[in-house]
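We did not get these values from a lab; they are worked out from the coordinates using the rules stated. Computed from a predicted structure; not experimentally measured. FYI the Cβ positions are ideal-geometry reconstructions off the backbone, even for glycines, and counts take in every protein chain you see.
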Amino acid sequence: LQGPRYISPAPHGGFVVSEECGDVKVFTSSRKLLCSLSSKYRHQFGNPAGVCVDVDGSILVADEQRRTVHLFPVHGAPICLVSAGLQRPNGMACSSFGHLFVADAGENCVKVFK
């Protein structure tokens, strides 16, 4: 890993890690690299920060530089979930009720999205 920042558990015992160098890596339960999101989805990150995994196994990534949150589904293309209203998104968490919690360090608050 190059500058690991945030980490989240993933389905089947794996985990997801954002890196300072502008990528997000997915690992299996045996700690082997499964994929790089920038390679798999051909997505260019600015500065990936918080990561979390929803109940469907989709990976969500907060991009601090681009002020966005993208969803990377198990199958299909990435989806921009939040493209406005964030100053400096950092940590994130997904609830089992479909809520997304984003810590916005630029506004010193936690924002909740449904």
Worksheet item: Over what distance in Å are the Cα centres of the stretch 1-45 and the stretch 84-107 separated?
Response: 19 Å
Worksheet item: Ordered by residue, what ³J(HN,Hα) values in Hz, to whole numbers, does the stretch 97-108 give under the Karplus form 6.51 cos²θ - 1.76 cosθ + 1.60, where θ = phi - 60° and Gly and Pro are x?
Response: 9, x, 9, 10, 9, 10, 7, 9, 5, x, 10, 6
Worksheet item: Taking θ as phi - 60°, what are the ³J(HN,Hα) couplings along the stretch 63-79 by the Karplus curve (6.51, -1.76, 1.60), each to the nearest whole Hz, with x for Gly and Pro?
Response: 9, 5, 6, 8, 6, 9, 10, 10, 9, 10, x, 4, 10, x, 8, x, 10
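Among the trypsin sites (Lys or Arg not before Pro) in the stretch 7-105, which ones are in a DSSP loop with at most 13 other Cβ atoms within 10 Å of the Cβ? Mind listing them?
Those that pass, being in a loop and sparsely packed, are ARG31, LYS32, ARG42.
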Practice prompt. Under 9 Å from the Cβ of LEU100, count the other residues' Cβ atoms, weight Lys and Arg +1, Asp and Glu -1, and hand me the total.
Written response: +1
Discussion item. How big is the dipole moment of the chain about its Cα centre under a simple scheme where the beta carbon of each Lys and Arg is +1, that of each Asp and Glu is -1, and everything else is neutral? Debye, nearest 20, please.
Written reply: 180 debye
Discussion item. Multiplying the sequence separation of LYS114 and SER30 by 0.36 nm and subtracting their Cα-Cα distance, what value in nm do you get?
Written reply: 26.9 nm
Worksheet item: 222 nm [θ] for the chain, helices only, -39500 (n - 2.57) per DSSP H run of 4+, per residue, to 500?
Response: -1000 deg cm²/dmol
Practice prompt. List the residues whose amide H sits under 5 Å from the amide H of ARG66, counting only those 5 or more places along or on another chain, with H placed 1.01 Å from N in the peptide plane.
Written response: GLY46, ASN47
